[in-house]
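Chemist: I have a structure I would like to understand better, so I am pasting it below and will then ask my questions one at a time.
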Amino acid sequence: MEARDVFLLEGIIDLCDRIASTIVRNNGDLQRFTEDLDFQEVCAFRVIQVGELVNSLSQNLKDAYPDIPWHAIIGFRNILTHDYGKIDVERMWNTVNDDIPELRDFCAKQIGKE
């Protein structure tokens, strides 16, 4: 694996951990998330950052793991960035609670930080 990919995967792990910490700190539940714009924005910003790092991963790494929805991750980043006012809050909630932990686990396994 390229050194740059390791660096990027470490960054993704850090952002995923920050998202998880934000959820815990806010006693995360969907109702609270729906009502708290700051909570939503912090999570959205970090998901955007994750998308940026995923976009920068080498094509070799992405090709080696076709089961990871790389295009969907980058696509969701684009939606958050360009159509922020139209974000489906429940979709964002599901992303930060389901998809982000899975991505974190994948990244950790790749660099031996399970």
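Chemist: Rg to Rh ratio, the chain, alpha-carbon atoms and Kirkwood radius? Don't skip to the end; give the middle numbers.
Modeler: Details: Rg = 13.9 Å, Rh = 14.4 Å.
My calculation puts Rg/Rh at 0.97.
Chemist: If one takes the longest principal axis of the Cα atoms in the chain, at what angle in degrees, from 0 to 90 and to the nearest 10, does the Cα axis of helix 37-56 lie?
Modeler: The answer is roughly 20 degrees.
Chemist: With everything on Cα atoms, drop me the angle between helix 100-110 and the longest principal axis of the chain, reported from 0 to 90° to the nearest 10.
Modeler: Once rounded, the angle reads 20 degrees.
Chemist: Would you calculate the separation in nanometres between label points at ASN94 and THR34, each defined as 7 Å from the Cα along the Cα-to-beta-carbon direction?
Modeler: Rounded to a tenth, the inter-label distance reads 1.5 nm.
Chemist: If the chain between GLU2 and GLU41 were fully stretched, how many nm would it gain, using 0.36 nm times the residue separation less the Cα-Cα distance? The partial results should precede the final answer.
Modeler: Values: separation 39, 0.36 × 39 = 14.04 nm, distance 3.23 nm.
Net length gain for the segment: 10.8 nm.
Chemist: Assuming 0.36 nm per residue, please report the length gained on full extension of the stretch ILE74 to ASN26 beyond their Cα-Cα distance.
Modeler: Numbers: separation 48, 0.36 × 48 = 17.28 nm, distance 2.62 nm.
Extra length from ILE74 to ASN26 when fully extended: 14.7 nm.
Chemist: OK, next. By how many degrees, between 0 and 90 and to the nearest 10, does the Cα long axis of helix 70-82 differ from the longest principal axis of the chain?
Modeler: Roughly 40 degrees, rounded to the nearest 10.
Read-outs: derived from the displayed coordinates by stated rules, not from any lab. Source: prediction; values computed, not measured. Because the Cβ atoms are built from the backbone with ideal geometry, glycine has one as well, and the counts that use them run over all protein chains shown.
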